[in-house]
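Derivation of every value follows stated rules applied to the coordinates shown; laboratory data play no part. Small disclaimer: the values here were computed from a predicted structure and weren't measured. Here the Cβ positions follow ideal geometry from the backbone for every residue, glycine too, while neighbour counts run over all protein chains shown.
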Amino acid sequence: MRILVTGAAGMIGRKLVERLARLGSLRGQTIDAFDLHDIVPAEVPETEAAVDILASDLARAGVAEELVAAKPDVIFHLAGVVSGEAEANFELGYRVNLDGTRALFDAIRASGQGPRVVFTSSIAVFGAPFPDVIPDEFHPTPLSSYGTQKLIGEALLADYTRRGFFDGIGIRLPTICVRPGKPNKAASGFFSGIIREPLAGKEAVLPVPRSVLHTHASPRSAVNFLIHAAEIDGERVGPRRNLTMPGVSVTVGEQIEALGRIAGSKVTRLIREEPDETIWSIVKNWPTRFEARRARELGFEAEQSFDEIIQAHIEDERIELSN
Ligand SMILES: NC(=O)c1ccc[n+]([C@@H]2O[C@H](COP(=O)([O-])OP(=O)(O)OC[C@H]3O[C@@H](n4cnc5c(N)ncnc54)[C@H](O)[C@@H]3O)[C@@H](O)[C@H]2O)c1
């Protein structure tokens, strides 16, 4: 089995590759080769399988064709420009998130191979006004360029699957929290920052009110979703190929309470409230809670509480608590 990962140097991509390398198999078959693509070189995982590191711009003419020429059996398409950046840089967002995705899907179609394609979409496909809990049937009307690009990707994925060009599953990820490493350009960055930075003994800024309600899943769950999406029987999913993933819905205040329970008040005191109108104006248009009934029925699972999400971060990033 040969696996292609686009966006393999990214936060989720790296964790996915690490897990797949550890598992050694997917869909009941041994993984013989990894093709790890990103615009920057991805890390080489510890594995017996062959590894090709490919660094180029997915949206550049000819790149997608080169990637699929190796005939991957499963393709994880994670390459993308995140929400804040896609809003700030209109052309870049459409180029990577839409043109790159279309180029990849078309190259797969032309190859005639019909692989399983797992595409990371986002809950940003939904736009306000929202009901209390967003059901699976809620109509997607994005209110950001990023959400629009992801929604077009979803529609392409469903159509290319219907036409038999590949066997696609789109997963709408909630906000992945706690994001390790440095802050990125996503407008949702503070949801992770208020946990990650204080745990590292650093101050974090909270730019929105504590009453903001949002849905999260850990990077560990994101990897679980991706692997489950690669293995699931397409027949069971049916023609609606884009699934809203489950997650933990909490207010920012509840996130901070969970941090206090786990790490103590010395740590939560490192959170400084500093309202930011720009971030608040973006965040208040975001969906809060999802039913995610279809995904749960199909066996996708996330954490049950925000405490579990913090614990997953502490374990996966090997963080030492001082108290
Ligand atoms: N992290 C989240 O909360 C979240 C939520 C919803 C959806 N997603 C989606 O999941 C995917 C992975 O997210 P992530 O958090 O790992 O993001 P990330 O920014 O860490 O990774 C994305 C990767 O794509 C690469 N990339 C950008 N432009 C490229 C190009 N032109 N060609 C090739 N590679 C390019 C980047 O270098 C980066 O390594 C993205 O598609 C993102 O939109 C993430």
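Data table
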item: Antiparallel DSSP beta bridges within the chain, as percent of all bridges there, nearest 5; result: 15
item: Span from the the range 165-243 Cα centroid across to the the range 295-323 one, whole angstrom; result: 12
item: Pair residue 50, residue 90: separation of 7 Å Cα→Cβ label points (nm); result: 4.5
item: The range 151-193: Cα Rg divided by the 2.2 N^0.38 Å rule of thumb; result: 1.66
item: In nm, spacing of pseudo-spin labels at residue 128 and residue 254 (7 Å Cα→C-beta vector); result: 2.0
item: Rounded if a/c under 1.5, otherwise prolate or oblate - the range 12-101, Cα gyration tensor axes; result: prolate
item: In the range 248-301, trypsin sites (Lys or Arg not before Pro) in a DSSP loop with at most 13 other beta-carbon atoms within 10 Å; result: 269, 284
item: Extension gain (nm, one decimal) between residue 276 and residue 297, 0.36 nm per residue minus Cα-Cα; result: 3.7 nm
item: Fraction of the pair-distance distribution of the range 171-323 above 29 Å, Cα-Cα pairs, percent; result: 19
item: Candidates 236, 27, 220: whichever shows maximal mean-square fluctuation once the chain is modelled as a Gaussian network with Cα springs under 10 Å; result: 236
item: Sparse-neighbour loop sites [GluC sites (Glu not before Pro); the range 1-65; at most 10 other C-beta within 10 Å; DSSP]; result: 46, 48
item: Computed FRET value (nearest 0.05) for residue 61 with residue 159, which takes r as the C-beta separation and R₀ as 25 Å; result: 0.65
item: The chain, helix-only ellipticity at 222 nm - DSSP H runs n ≥ 4, -39,500 (n - 2.57), divided by all residues, nearest 500; result: -11000 deg cm²/dmol
item: Sites matching chymotrypsin sites (Phe, Trp or Tyr not before Pro) across the range 182-239 that sit in DSSP coil, with at most 16 neighbouring C-beta atoms within 10 Å; result: none
item: Mean projection area, nm², convex hull over Cα of the range 156-252; result: 7.6
item: Cα→Cβ-extended label distance, 7 Å offset, between residue 138 and residue 240, nm; result: 1.4
item: Residue order, fewest to most beta carbons within 10 Å, for 251, 244, 161; result: 251, 161, 244
item: Cα point-scatterer Debye curve for the chain, base-10 log of I(q)/I(0) at q = 0.06, 0.08, 0.09 Å⁻¹; result: -0.19, -0.35, -0.44
item: Extension gain (nm, one decimal) between residue 269 and residue 231, 0.36 nm per residue minus Cα-Cα; result: 9.3 nm
item: For the range 45-170, Kirkwood radius (reciprocal of mean inverse C-alpha pair distance, Å); result: 15.6
